[in-house]
Structures are given as structure tokens and as C-alpha cells.
Amino acid sequence: MYPDVSLHINGEWTKGAEGRNEPILNPATGEKIGTLAHATKPDLDKALAAADSGFKVWKKTPADTRYKTLRKAADIIRSRADDIAKIMTLEQGKPVVEAKGETLLAGDIMDWFAEEARRTYGRVIPARGENIYQLVVKEPVGPVAAFTPWNFPINQAVRKVSAAIAAGCSIILKGPEETPGSCAALVQAYLDAGVPAGVLQLVYGNPAEISSYLIPHPVIRKITFTGSTPVGKQLASLAGLHMKRITMELGGHAPAIVFDDANVDVAVKVLSANKHRNAGQVCVAPTRFLVHEKVYGDFVQKYTDASKKLKVGDGLDKDSRMGPLANTRRVDAMEAFVADAVQKGAKLETGGKRIGNKGNFFEPTVLTNINNDMRIMNEEPFGPLSPIVPFSSFDSVVAEANRLPYGLAAYAYTNSAKTASAIGAAFESGMVSINHHGLALPEVPFGGVKDSGYGSEGGSEAIEAYLNTKFISQLGI
Ligand code: NAD
């Protein structure tokens, strides 16, 4: 059921020049399910040469052809969603219903960028002299190097690859080594839709080796990365040294504010569902729960009850609502966050421990009696931990919400239109959702500010990141 995973370079699937590989593990069992080929320098050189020649072909391919190719890829991935979802659950752990949702959303993202391909409009600027045409045209930026993580093996890749293909760029995608099979299935959908050899390469291997080779390479004109802030800063500085354009989609630590006039039941339901989606390994997951003191007791009790009821289990089991963490590093990280918080005085309302001794399962965990010296209030937990903190005034909760260097997502619950407007304006965050969870659709901007990165991977801003602006002034003769 789970395929071994190869590299895709210049129109061919290959095991890699030096035969290096690594095992792929199922996070629900710890067992090996397949083998992943690694790219080394000779493979990267081939990928770069292919991206260079692929770009020369693709940038001249009519926008209408790029549109039709992406629309076809969307249809193909939708038709394969059931099979791909099982592959994703086996390698990543998330419940199969979430994996299928992610795969279907990839179709929507492809459709969005297909349409964008036909709308990379320039403009004509009125000239100061007669018979002069001042034209602004948009051109593809060139071959792209993209780096995507393991939490959404398809979603993180489909935004980058579709934007590149729509704009007329070629791309080398370094996919996620721990969850490579569904990402390879995504690449296969583009290929089956007719993306020509050289336009899209897929490589895996040692991330640092690959990024340090590709980013400075003269063939590569743009870097795009999704992952942690420390790694993003390293890659952004290397890109800066070589004057490469970048998009950085980095970590977050989203505040979720519940005001005293909020519908607590709705807040608990929506926040709990979104905290535990993908076992909390989501960059926009609600993370610091800031609840007005008047409704604090009610919220803690209902949120804790919801956490206790959550069915944790193998993502292939249709009753599971939360799967295992994707790798053993996350289990170690959860244990360390909880130990640090408890040692500094936190109260465990529920959870706090790994489940069983097989696979990477961890209990949905609720912590109260929190203070800001605790690591969980400062570092991205990236797992099913919910610290709940009371507040008493609008100004104090805004100060807490904006305290960290992160600025990716922020949430608020209130029945007052005045408070909703005020909090929407006050958040220092790239994305804000009030009274519901409304982020990450293809047609809306997706990106952060401050240490959460820059650039947008959704909405009409997204394709701009793959385009250069050229000005042509032409005197008619
Ligand atoms: P990590 O920081 O080592 O890696 C994060 C991602 O960056 C991985 O996909 C990894 O393959 C990649 N990476 C690491 N070093 C790289 C390099 N030198 N060049 C290119 N890519 C490189 O840690 P991790 O254990 O894999 O993930 C843990 C943390 O990463 C989480 O706590 C979370 O903060 C963050 N993360 C964020 C996202 C996101 O969606 N923004 C996704 C995955 C992980």
C-alpha cells in the first residue's frame, strides 16, 4: 500500500546517483513502511541543469496552456484523493479524513493558480511625450528552489509548485523526508497533467546539504521555505547574501482570546477542533488561550472536557479524531514543555503524558496556573498542548497577544462588533480570524509578519512572489 519513494529529475524517476537512502517510518507504529532515495551533488547538478532548460521552455509556453495543465492536475489529484490520503496517514499520522481534506484542497489550490496564470497583467503608463509607450510587464522570476516540511506534506508543496508553474517558472522541490510519499503523488499529478520534463524536479536528502548547494547556485533565482523560524532565518540570510528573492512561511504562537461576552460553547468547540487538528502540528494552531476572568472557569472546564473526550488513535482507524505526532522529536518536545511548565507551577487539568509505548501518541493536554517564564508561553509547542491564562482588560490582553516576536495567526471570540473591530486592528499578525476559524483558503492571503516570515502563499498576492516586474519604454518609429 505504501510505495518506496524516488527522486524526480528531468522527466525521470531515479534512485539517486550514489544510492543513498533512508527508511520511512509509520508514526502510529514506529515500523518501517518504505525506503526514500536521497539526492547527492550529482543529482542536484542534474536537477539544476534540468530546471535551467525547463525554464527556457516553460516561460515561453502560453499562459492558457499553463492554465489548462494546472486545471488537469487538479482533476487528477481529486480523482486519486482516497489513495493518496492513505499514503499520507501511513507516513504522517493524521486521521485519514484530514489527509483526504488536505488532498482535495490541493485541487482547489491548483485551480486558483491556474486562473492566476491567465491574470499576470501588466499595465500601460501614460507617457510625457507623443508616440511613447511605457509598458509594465510581468515575467517569471526564474528557476525556484522550494523547501517544504512534514506537517502538511501536500499543502505546503502545492502552494509553491502551483504558483511557480502558473507564473512560468521551473522548480526544484525539496520535499519532506519524513513524509515523502504523498508529496511524490502530488508531483505525479502535475506530471500526468502534462508538465514537461525539466519544469518540476523533486529531491530529498540531507536538508542542510541541499539548501546550502541550491540557494547560492546561479541557476536558482528564488527561494521559498516553510518550516521553523531558526532555519528560516539561516536560509533567508544565505539567500540575501546571493541576492535571491524569498518567501518565508515560518513558525507561529497564535493567541486565542475569549472575551467575557463571547459564546463560550462555540469558542470551545472551534478552538478545540483547531488545536487538535493534525495533533497540533499546525503553524496557525491556536496556542496561547487568553480567557477573560469572568468566563475563565467555565471555559477551562468545558475545554478540558472536550480534550478528555477526544479519541486518539491510529489515523487509519475511522473513529480516531487525533493521530500520533509525526516523529519522536515531537514527543520528546511535548514531554519537555510539560515538565518545564509543571516545574514552574503549572497545573495539569488533563493529559501531560505519551500514550502507550508504540508509536508517537501524546495526550491532549490542558495546563492552567501559567506564567510567562514557562517555555510553552514563548516557544512554538507544535503539538497538542493548551495553556489557558486569565485576563482582566482589553489593553492587558492585547499586550500579551503581541508580546512574542511571532506574528502569524491570531483569534478572538466576542459578541461585540466594537470589540471585534478593535481586536482585529490591535493584533500584530499576518492573519486574524474572529468568531470562527477562517484561514488558509486558496483565495485569501496566507503569511506572517515579524519572526513568522514574509510573503504570502494565498490570494492574489501569492503569484506576485514568482514574478519580476519589467518596465519597457518604447518610442514608435
Ligand atoms: P527543524 O527546525 O529542524 O526543521 C523544520 C523544517 O525545516 C523541516 O522540514 C526540515 O526538513 C527543514 N530544514 C531543517 N534544516 C534545514 C536546512 N538547513 N535547509 C533546508 N531545510 C531545513 O525541526 P523539526 O523537528 O523538523 O520541526 C520542528 C519545528 O519546526 C516545529 O517546532 C515548528 O516550529 C517548525 N515547523 C514549522 C512548520 C510550519 O508549517 N511553519 C512546519 C514544520 C515544522
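The values are calculated or read from the model by the stated rules, or taken from the named source; none is laboratory data. It should be emphasised that the depicted structure is a prediction, and the values quoted were computed from it without experimental measurement. Heads up, the Cβs are rebuilt from the backbone with ideal geometry, glycines too, and the neighbour counts pull from every protein chain shown. Areas reflect the complete protein model, heavy atoms only, side chains present, ligands, DNA and RNA absent. Shrake-Rupley method; radii C 1.70, N 1.55, O 1.52, S 1.80 Å.
Taking θ as phi - 60° and the Karplus parameters 6.51, -1.76 and 1.60, the scalar couplings of the stretch 283-298 work out to 5, 9, 4, x, 10, 9, 8, 10, 10, 4, 4, 5, 10, 4, x, 4 Hz in sequence order, x denoting glycine and proline.
What order do 67, 413 take when sorted by accessible area (1.4 Å probe), most exposed first? Intermediate values should be presented prior to the final figure.
Working: 67 40, 413 5 Å².
The ranking, largest first, comes out as 67, 413.
Given a 1.4 Å probe and the protein chains as shown, residue 270 ends up with an accessible area of around 40 Å².
How much FRET efficiency would the formula 1/(1 + (r/R0)^6) give for residue 305 and residue 119, where r is the Cβ-Cβ distance and R0 is 51 Å, rounded to 0.05?
Numbers: r = 48 Å, r/R0 = 0.94.
Approximately 0.60, to the nearest 0.05.
Expressed as a whole percent, the accessible surface of the chain that belongs to carbon and sulfur atoms is 53, based on a 1.4 Å probe.
In the context of the full protein assembly, residue 266 retains an accessible surface of approximately 60 Å², using a probe radius of 1.4 Å and ignoring ligands and nucleic acids.
Excluding ligands, DNA and RNA, the accessible surface per residue across the chain is 40 Å² with a 1.4 Å probe. Cα centroid separation, the stretch 315-338 to the stretch 101-171: 35 Å.
What lysines could a cross-link reach from residue 353, if we take a straight Cα to Cα line under 20 Å and drop same-chain neighbours fewer than 8 places away? Hits, sequence-local ones excluded: 94, 275, 308, 309, 311, 344.
Computed across the chain, the Kirkwood radius stands at 23.2 Å (inverse of mean 1/r, all Cα pairs). Averaging the Cα positions of each part gives two centres, and for the stretch 396-410 and the stretch 199-219 these lie 34 Å apart.
Under a 5 Å amide H cut-off, with hydrogens placed 1.01 Å from N, residue 289 pairs with 256, 389 among residues at least 5 apart or on other chains. Each residue of the stretch 450-467 was assigned a 3J(HN,Hα) from its phi angle through the Karplus expression (A = 6.51, B = -1.76, C = 1.60, θ = phi - 60°), giving 6, 6, 7, x, 8, x, 10, 10, x, x, 6, 5, 5, 6, 3, 5, 10, 10 Hz with x at Gly and Pro. In plain terms, the chain from residue 436 to residue 104 could stretch by 117.4 nm, reckoned as 0.36 nm per residue minus the Cα-Cα distance.
Nearest 500 deg cm²/dmol is fine: what mean residue ellipticity at 222 nm does the chain get from its DSSP H runs of n ≥ 4 alone, each adding -39,500 (n - 2.57), divided by its residue count? List each step's numbers first, then the result.
Details: 14 runs with 181 residues, N = 477.
One gets -12000 deg cm²/dmol as the mean residue ellipticity at 222 nm.
Here's how it looks for residue 458: its modeled amide H is under 5 Å from those of 446, which are all 5 or more places away or on a different chain.
Taking trypsin sites (Lys or Arg not before Pro) in DSSP loop conformation with at most 10 other Cβ atoms inside 10 Å as exposed sites, the chain has its longest uninterrupted site-free stretch at 129-310. From the alpha carbon centroid of the stretch 235-269 to that of the stretch 58-75 is 31 Å.
Surface calculation, 1.4 Å probe, protein heavy atoms: residue 209 sits at approximately 90 Å² accessible.
Roughly what % of DSSP beta bridges within the chain run antiparallel, to the nearest 5? Just about 40 percent of them are antiparallel.
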